[in-house]
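K.L.:
Here's a structure for you.
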Amino acid sequence: APTVAVIVVAAGSGTRLGHAEPKAFVLLHMRPLLDHALDSIFGMNESVQVVVVVPGDRVADAHALAARAAARNGAPASAGPGPAAASVTPDPAGTITIVAGGRTRQESVDHGLSALLPSIEVVLVHDAARALTPAALCDQVVAAVRATGHGIIPGLPVVDTIKRVAASGAILGTVDRSELSAVQTPQGFPRAMLEAARTWAAANGRFEALTDDAALVADAGHPVTVIAGHPLAFKITTPEDLERADLLLHAAAA
Ligand code: C5P
């Protein structure tokens, strides 16, 4: 049974991307973003449980899509679809589980966590919107979690000069860029640490303030370390990001 799970959160809307379609189902080179994201996960050296969290009305779509992605990548294609987290049916081979998401990213992560197999010791939480993330980055996060026992997040140095700016446009200050990192996903944690941190956040009303998994884990007092991220792990948020992803794929195919 796998000891590593990747929870792919793909239940967000496509509003900022300017699409009516949920973002993970927007097409890039004729394939949904989620399909690209699954390619990188199935490309990992580690054999993992994949938990895909999608909008409630996309569970059947996602099941078919994940089965195709698994087959294309030579992974066992048995999968257990479920209309809601409560009816999740993890398959014995531990390959793919599809669950319905929540109203917020945090709720979607919770639904994903509820589908983990008992054998899972390390959990990666990954945005489907980071559709071009290299498989090697996912493997590096797993290796670093195992080596340190810490929460591990990939990040890139910030190259721009960053100013704090008032609503009026007045400059309030320049931030010391040497201390900044633009963080990405997958974010990896020992399972027990992530579950304890979420329990702590729920008990202390911290979910509103802390939007990423690493912030929750650090807030609960656990160590989180940044490792080198990858430029291809950028998040597709705006139409320009989608355009950039399209050009990168064209360049890779040429
Ligand atoms: O909106 P944003 O790009 O920050 O979302 C980050 C990731 O969280 C996306 O992959 C999105 O699909 C996911 N998400 C989710 N459930 C929500 C909101 C966002 O799975 N309710």
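K.L.:
Per the Cauchy relation, a quarter of the hull surface: what is the mean projected area of the convex hull of the alpha carbons in the chain, in nm²?
P.N.:
About 14.7 nm², averaged over all directions.
K.L.:
Please give, to one decimal in nm, the separation of the simple spin-label points placed at Arg146 and Met30, each 7 Å out from Cα toward the Cβ.
P.N.:
Spacing of the two 7 Å Cα→Cβ label points: 3.8 nm.
K.L.:
Kindly provide the helix-only [θ] at 222 nm of the chain, computed as the sum of -39,500 (n - 2.57) over DSSP H runs of four or more divided by all residues, to the nearest 500 deg cm²/dmol?
P.N.:
-10000 deg cm²/dmol
K.L.:
How big is the antiparallel share of DSSP beta bridges in the chain, given as a percent to the nearest 5?
P.N.:
Working: 13 of 36 bridges.
Approximately 35 percent, going by the DSSP bridge assignments.
None of the figures in this text is laboratory data; all of them are computed from the coordinates on show. Since we're looking at a predicted model, the values are computed, not measured. Here the Cβ is made from the backbone with ideal geometry for all residues, glycine too, and neighbour counts use every protein chain on show.
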